[in-house]
Amino acid sequence: MKIAFLDAATMGNVSFEPFERLGEFVSYDNSTPEEARERVRDIDVLLINKVLVDKALIDSAPNLKLICIAATGVNNIDVEYAASKGIPVRNAVGYSTDSVVQSTFMHILSLVGGAPYFDASVKSGNYSRSGMFTDPNWNWWELAGKTIGIIGLGNIGKKVAHIAEAFGMNVCYFSTSGTGHCKDYPSLSLEELLRKSDIVSIHAPLNERTKDLIGREQLALMKPSAYLVNMGRGAIVVEKDLADAVDAGVIAGAGIDVFVTEPVPEDHPYLRMAHPERMRLAPHVAWASVEARKRLVGIMAENIAKGW
């Protein structure tokens, strides 16, 4: 069995030994569309993360029997065409829940706690020169008693809710499917959630209901002291509108792990802000703790071992 991973560099330095045990395995750091079509000509199993698997690529692999994606979403695969050729597509579910939840609170705690400011205060020498035992020049606040509004209460959203409760926060949520299935927390309309929340945390998939869900009008409903965190997909938020809203003080700031175009272009609105200190940006790494990547490889290996 011949197995090829077309964009293995996205997995970092995690071991691929589970794949090597299953057959003749080859990995490529990344693949252009032309390279991908050449590299799949004699393989049985295709492994990808973000490479586009379209009709042209599938037709270039006459021996292809299985596609495994290193992700939960399969929007970069022509699943219908693969099915028409009798090729199953298998994704990975649940491998990154703890990783994404931890990253969510990394952004939240940094935003509300002013961590970059206080770190710079000490390292710049300002604290040493101040003559005071403390630096009272940045107002930070407690999570206890505040409200977190979660957009998308799936496995990740629910765990964010549980941890928020441990901080003493009030939890509410908006169901992007229109079905308020969880009775543990109040299900609100999007408008009500935005008005009420001190932190809005996005954990929804990208689909026709969520694309451009948060734009200028929605941001204007939020409190000026509120923060937005997006751990779902970049296109759920209108990026230019968010950059403008943060710069203008419509909301206090944002934490972003996902972008419409990845990697972000150098002229991206988030990189051209008057107040970059109000933003926390990460290069789509919330899914990628060491443990999560190891689990992901294990799930993908299991998906191959099942056969077709």
Mind checking the full-extension length gain between Asp42 and Arg272? Use 0.36 nm per residue of separation minus the Cα-Cα distance, one decimal, nm. 78.2 nm
Rounded to the nearest 500, what is the 222 nm mean residue ellipticity of the chain from helices alone, with -39500 (n - 2.57) per DSSP H run of 4+ residues and division by all residues? -9000 deg cm²/dmol
FRET efficiency estimate (nearest 0.05) - Cβ-Cβ, Lys183 to Trp138, R0 30 angstrom: 0.15
Testing the spin-label approximation: label points 7 Å from Cα along Cα→Cβ at Ala305 and Ala248. State their distance in nm. 5.5 nm
Sort region 227-308 into rounded, prolate or oblate with this rule: let a ≥ b ≥ c be the square roots of the eigenvalues of the Cα gyration tensor; rounded if a/c is under 1.5, and if a/c is not under 1.5, prolate when a/b is larger than b/c, oblate otherwise. prolate
Could you work out how far apart the two model spin labels at Tyr127 and Ala115 are, taking each label as a point 7 Å from the Cα in the direction of the beta carbon, and quote it in nm? 1.5 nm
Percent accessible area from carbon and sulfur atoms, the chain, protein chains only, probe 1.4 Å: 52 percent
Cα centroid separation, region 1-77 to region 178-222 (Å): 36 Å
37 Å tail of the calculated P(r), the chain, as % of Cα pairs: 25 percent
When DSSP assigns beta bridges and you keep just the ones with both residues in the chain, what percent turn out antiparallel, to the nearest 5? 0 percent
At most 13 other C-beta atoms within 10 Å and a DSSP loop state: those are the exposed GluC sites (Glu not before Pro) I care about. Give me the longest piece of the chain that has none. 1-141
Region 177-308 - charge dipole about Cα centre, Lys and Arg +1 at Cβ, Asp and Glu -1, debye rounded to 20: 420 debye
Return the distance in nm (one decimal) between the two label points of a simple spin-label model at Ala235 and Thr261, each offset 7 Å from Cα along Cα→Cβ. 1.4 nm
Measure up Lys50/Lys306; Lys50/Lys211; Lys158/Lys306; Lys123/Lys158; Lys2/Lys294 against 27 Å on the Cα-Cα distance and list the ones that go over. Lys158/Lys306; Lys123/Lys158
How large is the accessible surface per residue of the chain, computed with a 1.4 Å probe and reported in Å² as a whole number? 49 Å²
Assign one of three labels to region 162-303, namely rounded, prolate or oblate, based on the Cα gyration tensor with a ≥ b ≥ c the square roots of its eigenvalues; rounded applies when a/c is under 1.5, prolate when it is not and a/b is larger than b/c, and oblate otherwise. oblate
Over the chain, relative contact order from alpha-carbon pairs under 8 Å, at least 6 apart, %: 16 percent
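The values are calculated or read from the model by the stated rules, or taken from the named source; none is laboratory data. Given the structure is predicted, the values throughout are model-derived calculations rather than measurements. Ideal geometry is used to build each Cβ from the backbone, glycine not excepted, and the neighbour counts take in all protein chains shown. These accessible areas exclude ligands, DNA and RNA; they are computed on the full protein's heavy atoms, side chains included. Shrake-Rupley method; radii C 1.70, N 1.55, O 1.52, S 1.80 Å.
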